[in-house]
1. Within a Cβ distance under 13 Å of residue B:67, other residues only, what is the Lys/Arg minus Asp/Glu net charge?
2. Using a cut-off of 12 Å between beta-carbons, work out the net charge of the residues near residue B:295 (Lys and Arg +1, Asp and Glu -1, residue B:295 not included).
3. List the lysines whose Cα sits under 22 Å from the Cα of residue B:294, skipping any in the same chain fewer than 8 residues away.
4. Compute the acute angle (0 to 90°) between the alpha-carbon long axis of helix B:270-294 and the principal axis of greatest extent of the alpha-carbon atoms of chain B; round to the nearest 10°.
5. Which shape class applies to segment B:343-422: rounded if a/c is under 1.5, otherwise prolate when a/b exceeds b/c and oblate if not, where a ≥ b ≥ c are the square roots of the Cα gyration tensor eigenvalues?
6. Mind jotting down the distance between the C-alpha centroids of segment B:410-475 and segment B:339-359, whole Å?
7. Please report, in cubic angstrom per residue, the volume enclosed by the convex hull of the alpha-carbon atoms of chain B.
8. For peptide A:70-79, compute the average count of partner chain beta-carbon atoms within 10 Å of each residue's beta-carbon.
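Values in this text are rule-based calculations from the coordinates and carry no lab data. What you see is a predicted model; the values in this text were computed from it and never measured. For neighbour counting, all protein chains shown are included, and Cβ atoms are generated from backbone atoms with ideal geometry for every residue, glycine included.
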Amino acid sequence: MINTTWNYPAISVIAVPLLLMIGCAASSPYKHLEFTQDNVSAVHSGMTISEVEVLFGVPDTTYNMKFGKNSGAEWEGLVYKYYGPRDTLYVFAKRRLANTFVFYTAIKPPTLNNWDIEFTSQRSRK
Amino acid sequence: MRVVSIFLFCLLTFFLVHAAVKADRKISEEAVIFKQLRDGVFTIFGEEGHGSGFLIDSKGLVLTNQHVVANSSRINVLVNDSIKVAAKLLKADEKMDVAVILIHPSIVRGLPVLKLSRNKDSIAFEGEKVIAIGSPLHQEKILTSGIISKVLETAIISDVNINPGNSGGPLINMDGEVIAINTFGEQVRPGPGVSGSILVTQALNLIEDAIKLSNSAQPPEPRLLPVMPKTHYPLSALEYAASIKKRDTKPYNLTKLVERGKFNIFISTPPYLYRAEKQYELDLSKRRRAREEKGNVGKEGQYNPFDDLKNWYQYLGGYSPTVVVAITPKIGETSGSAFGNLLGAVVLGTSYHGSHEYEYKGDLGYFSLSVNGLVSPEIEHAMIFEPLDFLGADYYGVYEAKDIARSGVFTFPCEIFKPINGSWPDISLKTVSIDKPNDTTVVVVPRQTIEQVWLDFEPYREQMRADSTRLVAKP
């Protein structure tokens, strides 16, 4: 005998996570909504790590790097990187825009030395 | 009082030892000559490799070996780290292996002209101290020294360390005179080998002729050509690129863009090249990794295919932040062989066992890369003869090839792929095979390739930005 009954529980197992994923994607195009014009213009050299984190949240990646090799005085820095939406300049290759903050770590607490803003967000969580 | 005496004794001892060390580190006679003359020694780029050469006349005449500039329609001279210009061949003697090339006189203004020894009877003696200046391997303008081992009729044998790239450089005596041109070496491993330099007196007539020719010759334009960047691609980025499990290689291979093209065309970047070089080791180590996992082998005992990335790698050439375009001729069955075998198969069916003859389908005669319609000068170009020589057999027949053709490797600055004002550059490659000089093949580099190549240099750009970033945020 052939079983022609619809298997409702199986459909819901597939459909519910799918709907959730679509819903999440629609509500959050990218993670960092804190990069508003106001927040970005508040950035200044000498800020501490915690002050930057208050403005923009926890970064996506951090790493140490040496700076100033060609400027005469080499110094050690901590790089904070926040990734944003895809770079629309690239159609085939995948690149995401990134906002970068570099802290001078030889002093305590480390202070912001330079930064590079590639994207700003339209909305704020505030 | 006793304490003061001890202190004074210690102070005196310190100064005496310090003075002795300083005296031991005095500058040698060789170093003084090297410092005086090195700016007059250049790196010469022919189409089959690079060698050395030196300034013999303030009008821009440079003496080198003929084999350095042989078969080269384009010759470039690297005067120092940042000045590279085109040169013109004035006079050459293939058998003697000597050539004189000409660069624009404005480029050599203020540089030392090397004095040639004209003493034919006693130009050198065995045991005499000599130095060589040249650009061997991946080095530029380096000093090696030794003594003359033997003076022959037309050459000098010495124990001076000469390597590929030294060819065409000067062998100089302690009077600061050039006595010979470093040309050949003989080495049997193990052993340091001996070096051969042809006597400069051999070339005096040729030099006189070249000087006469230079009076009427138009020197090439002193336009500065791109030079190899002094910086290197960051090792950490190479390691990351190599660790990516699957890398899309399609954007780098442009061969399929030309239907029935004569050449295979590849564009490569440092991360692509390093990953490609490591592919073989990665394939080999698959089973080993499985055994390591099974046996819970610690990190120290694990096979690491990426353990060659050392900081000193840059001194051996390293991975320059450049884009390399490699053109190799395609290999295929000759039309006569293909027709004969087709006929044989039709007549005799599957019992036919033919003889298949293969050849190169192209032979590189010209290559250029254009950016937005303008030909872009390359940093380095090499057009090398590649032999094709194999003989094999299987159930279907015998396979044979005997041919030789030119391949090309061209190095460009990565900046030619840079987007300007939000739009990507139009890049096209032009190739010509010597058998059909009027048949130019143009390949338009796809945007996918341009994007990928530029993206490959992002870690390098980040490193460059970091290197030039000053410290401003002091508390």
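1. Neighbourhood net charge equals -4.
2. With Lys, Arg at +1 and Asp, Glu at -1, the neighbours total +2.
3. Of all the lysines, those that pass the test against residue B:294 - Cα under 22 Å, at least 8 places apart if same chain - are B:245, B:286.
4. 80 degrees
5. It comes out prolate by the Cα gyration axes.
6. Segment B:339-359 and segment B:410-475 have Cα centres separated by 47 Å.
7. Residue-normalised Cα hull volume stands at 303 Å³.
8. Taking all residues of A:70-79 together, the mean is 3.
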